């Protein structure tokens, strides 16, 4: 790690990316203050402060602040410090990423994790663009989208060795009344199920991928969150993750999306028959 004279306080660089309304992204004031204070620290006390885990504490450095610091010291060529800060950020991210990908299991979960890490740090370390600005404004929603994307990709495209999903559990398939369907993963020794043609057999990953590929985004992501992760469409508790909050859409829109996903699956089932 370099021991340069440039660890002292300096002006916090503004964000330059603009939103859909042509307004510049803005960090919240707490993050701005944390960045300014962190820039005044030498590497050792800075890394000590980064280890503080109490997010409600006055000394806690938010993730948006860590993103700025990683970019700042990357620009300065402080590779050791960048590595330590990046490792600290990843430790904070692990629970959320694993929460999304652990159900995949094995190689698919590892590939999904690597994909999230790569897509997270690519814009952070890209000093020639402002692609990472949003990560300094709303880090956790951005990470959540990356994790959901990785899950969707792995579920659709990666060969899983230990599980298959019964297509009879997909909405609208051999469903009685208004019973809420479940998306059930079964071990291979017990996954003989009824195929779209009515014959008994194993519903394999290729068939699942084909079915899901017929659902356009964002309907597919909403479908996976509802029927695989069992996320509610809406909830009164603001701490509960909901599909409506995730996409910033009203519940009626989400229900319409799920209906479109089911219609796409119905079309697919008709083709299979």
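Bear in mind that the values in this text are calculations on the coordinates, not laboratory data. This is a predicted model, so every value here is computed, not measured. Cβ atoms come from the backbone with ideal geometry, glycine included; neighbour counts cover every protein chain shown.
Annotations
- Sorted by Cβ density within 10 Å, fewest first, the residues 73, 25: 25, 73
- Highest average first, the peptides 218-226, 101-109, 234-242, 51-59 ordered by how many other beta carbon atoms sit within 10 Å of their residues are 218-226, 101-109, 234-242, 51-59.
- As a proxy for reagent exposure, ranking 95, 260 by other Cβ atoms within 10 Å from fewest up yields 95, 260.
- Modelled FRET efficiency - R0 45 Å, residue 122 with residue 271, Cβ distances, 0.05 increments: 0.75
- In this calculation the C-beta distance from residue 36 to residue 237 is compared with R0 = 41 Å, giving a FRET efficiency of 0.75.
- Label-point separation in nm, residue 17 to residue 103, each point 7 Å along Cα→Cβ: 2.8 nm
- Shape class of region 95-140 from the alpha-carbon gyration tensor: oblate, with a/c at 1.5 or above and b/c at least as large as a/b.
- Maximal additional length on extending the residue 87-residue 44 stretch stands at 14.0 nm, based on 0.36 nm per residue less the C-alpha distance.
- Extension gain from residue 209 to residue 76, taking 0.36 nm per residue of separation minus the Cα-Cα distance: 43.4 nm
- Taking all pairs of distinct alpha-carbon atoms in region 29-157, Kirkwood radius in angstrom: 15.3 Å
- Going from the residue with the fewest nearby Cβ atoms within 10 Å to the one with the most, 21, 98 rank 21, 98.
- Centroid-to-centroid separation of region 96-114 and region 26-94 [C-alpha atoms, Å]: 26 Å
- Label-point gap, in nm, between residue 114 and residue 24 - each point 7 angstrom along Cα→Cβ: 4.0 nm
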